[in-house]
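The values are calculated or read from the model by the stated rules, or taken from the named source; none is laboratory data. Since the model is a prediction, treat every value here as computed from it, not as a measurement. Cβ placement follows ideal geometry from the backbone for every residue including glycine, while neighbour counts extend to all protein chains displayed. In case anyone asks, the SASA skips ligands and DNA or RNA and just uses the protein heavy atoms, side chains included. Shrake-Rupley method; radii C 1.70, N 1.55, O 1.52, S 1.80 Å.
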Amino acid sequence: MLTAKQKELLLYIHERIKETGVSPSFDEMKEALDLASKSGIHRLITALEERGFLRRLPHRARALEVLKMPDSATPSAPARGRGAFRPSVVSDGSYGAGHAANGGGGVPILGQIAAGVPIAAIQNEIGRVEAPPDLMAKDCFALEVRGDSMIGAGILDGDVVIIRRGDTADSGDIVVALVDEEEATLKRLRKRGNSIALEAANPAYETRIFGPDRVQIQGKLVAMIRRYS
């Protein structure tokens, strides 16, 4: 799922490309979304790119390609609301929808995690997953991974990651980080002086650097579950 601003920007870019044949400038996008700075647009584009909705074409100015649209999108009107999360969870004896959100054991699945996900994704339980016994009694939650930004760390699209709640982490830990109290992302944490870097494990994606007041750690990766079909 996309945040309201991510969806609004994607639809705006889609409409402008249809109308003019070229993507809008950062200034035009900033004005259309009523944002204070172009850095906000850059962050939204990065999130859309990591999630596979947009692609930046190299060596060309103002070159963005829309790869796909959200299922609920209608080209005529940008949607400003947020939909409920419905991750595709397969019941195969190891994890899945068979572990109901309103009963049973296991670790709660709280949504999907990718480059940018609404904070609601870490608040609403939508299922449960069996986890190693030593994690069952811990304060843990699960998220289903969407995207390929962490493939170099062995985390693939569709994997379920188990996260231990906490607001601190060491440099080098893979964490769920909340950026600007708006989007959650699964990345490797790097501390660089007074700055915090959120590092992808895929050279196709850039490392994002923030001031410490912009990033809140939600928890650390402690386990991963993968389905083999």
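Would you work out what percent of the accessible area of region 1-72, with all protein chains in place, is carbon or sulfur (probe 1.4 Å)?
51 percent
Can you sort D139, D180, D213, D159 by solvent-accessible area, 1.4 Å probe, largest first?
Result, largest first: D213, D139, D180, D159.
At a probe size of 1.4 Å, how large is the accessible area of E130, to the nearest 10 Å²?
So the heavy atoms of E130 present about 70 Å² to solvent.
What distance in nm lies between label points placed 7 Å from Cα along the C-beta direction at S195 and R55?
2.9 nm
Can you tell me the length gained on complete extension of the stretch R165 to E65, counting 0.36 nm per residue apart and subtracting the Cα distance?
This chain segment gains 32.3 nm when fully extended.
Just the accessible area per residue of region 144-190, please: how many Å² with a 1.4 Å probe?
Per-residue accessible area for region 144-190 comes out at 36 Å².
Is region 171-224 best put as rounded, prolate or oblate by its Cα gyration tensor, with a ≥ b ≥ c the root eigenvalues, rounded for a/c under 1.5, and otherwise prolate when a/b is larger than b/c, oblate when not?
rounded
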